């Protein structure tokens with residue numbers, strides 16, 4: 001008689017038990033944290049390369065300059081009467 | 001599932017990560033990495049890319065940690081939901097049927113070479129049968145029987161009724177049991 005002959009569907013349970021022991025490979029958490037660090041650096045860099053950020057900065061500068069210019073003109077008008 | 005003490009450590013880690021402490025995320029990764037990796041391994045039809053998807057799952061969780069709401073479910077369910085979505089997206093992009101490399105268990109049991117050979121035949125048949133299940137049935141089976149999640153949690157992850165989960169798991173089990181029949185027949189005819 002073949003001792004390895006399966007007699008019941010206990011094989012399914014044995015297989016499930018083996019599948020439940022599949023584990024993440026060594027160093028997995030280190031690699032995840034490295035990836036997060038690299039992702040954050042990339043995001044920070046790409047933020048400053050974004051045209052939207054520079055457009056906002058330009059609008060703010062123009063608005064500020066425009067506002068200051070208006071006040072200077074008002075001051076000149078007041079002084080010169 | 002986690003003990004009360006672990007739940008508290010997890011809550012502290014989530015609060016720290018939200019406050020910008022990246023190292024606190026390591027605790028969350030180490031607590032859930034096996035489950036996430038296993039889920040990706042068993043859901044994907046391309047097991048070698050499982051680690052990449054599992055890493056991507058944690059990266060997504062880190063980016064979206066502010067969206068995690070403990071009132072809606074545990075962190076474990078939240079992260080499995082992310083893994084499931086990423087696996088579905090990856091499978092939509094490419095659907096290779098890689099039957100050659102099923103995920104390996106962490107530590108094989110102590111068995112004789114004969115026992116291992118016989119087991120490997122049935123286990124290979126089951127690995128193949130798992131990959132041949134429909135995606136819906138495989139997800140339900142993996143989450144219920146391998147991850148041992150309650151049907152209610154799987155229903156929440158899959159956005160279906162618990163009864164549907166139960167029926168999918170039961171059909172998947174029948175299909176897997178059916179896949180063993182040819183192997184049993186071959187062994188029956190051995191001297």
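Summary table
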{"quantity": "All positions within segment B:45-60 that are surrounded by 18 or more Cβ atoms within 10 Å (Cβ to Cβ) and either more than 10 Å from chain A (Cβ to nearest Cβ) or under 20 Å from residue B:134 (Cα atoms) (or both)", "calculated": "B:45, B:46, B:47, B:49, B:50, B:53"}
{"quantity": "Enumeration of residues in segment B:39-92 that are part of a helix (DSSP H, G or I), under 17 Å from residue B:142 (Cα atoms) and modelled with pLDDT under 90", "calculated": "B:47, B:91"}
{"quantity": "Residues that are surrounded by 12 or more Cβ atoms within 10 Å (Cβ to Cβ) and either within 21 Å of residue B:147 (Cα to Cα) or free of Cβ contacts under 8 Å to residues at least 24 places away in the same chain (or both), drawn from segment B:1-11", "calculated": "B:2, B:6, B:7, B:9, B:10"}
{"quantity": "Set B:108, B:150, B:113: member being out of contact with any helix residue (DSSP H, G or I) (no Cβ under 7 Å at 6 or more places or on another chain), over 19 Å from residue B:52 (Cα atoms) and modelled with pLDDT of 90 or more", "calculated": "B:150"}
{"quantity": "Unique residue being more than 8 Å from every other protein chain (Cβ to nearest Cβ) and either at pLDDT below 85 or in a helix (DSSP H, G or I) (or both) when the list is B:21, B:6", "calculated": "B:6"}
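Residues checked against (1) buried (at least 19 other Cβ atoms within 10 Å of the Cβ); (2) without any contact (Cβ under 8 Å) to a residue 40 or more places away in the chain:
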{"residue": "B:125", "(1), (2)": "yes, no"}
{"residue": "B:128", "(1), (2)": "no, no"}
{"residue": "B:135", "(1), (2)": "no, no"}
{"residue": "B:141", "(1), (2)": "yes, yes"}
{"residue": "B:144", "(1), (2)": "yes, yes"}
{"residue": "B:148", "(1), (2)": "no, yes"}
{"residue": "B:153", "(1), (2)": "yes, no"}
{"residue": "B:165", "(1), (2)": "yes, yes"}
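The values are calculated or read from the model by the stated rules, or taken from the named source; none is laboratory data. Small disclaimer: the values here were computed from a predicted structure and weren't measured. Here Cβ is always computed from backbone atoms with ideal geometry, including for glycine, and neighbour counts include all displayed protein chains.
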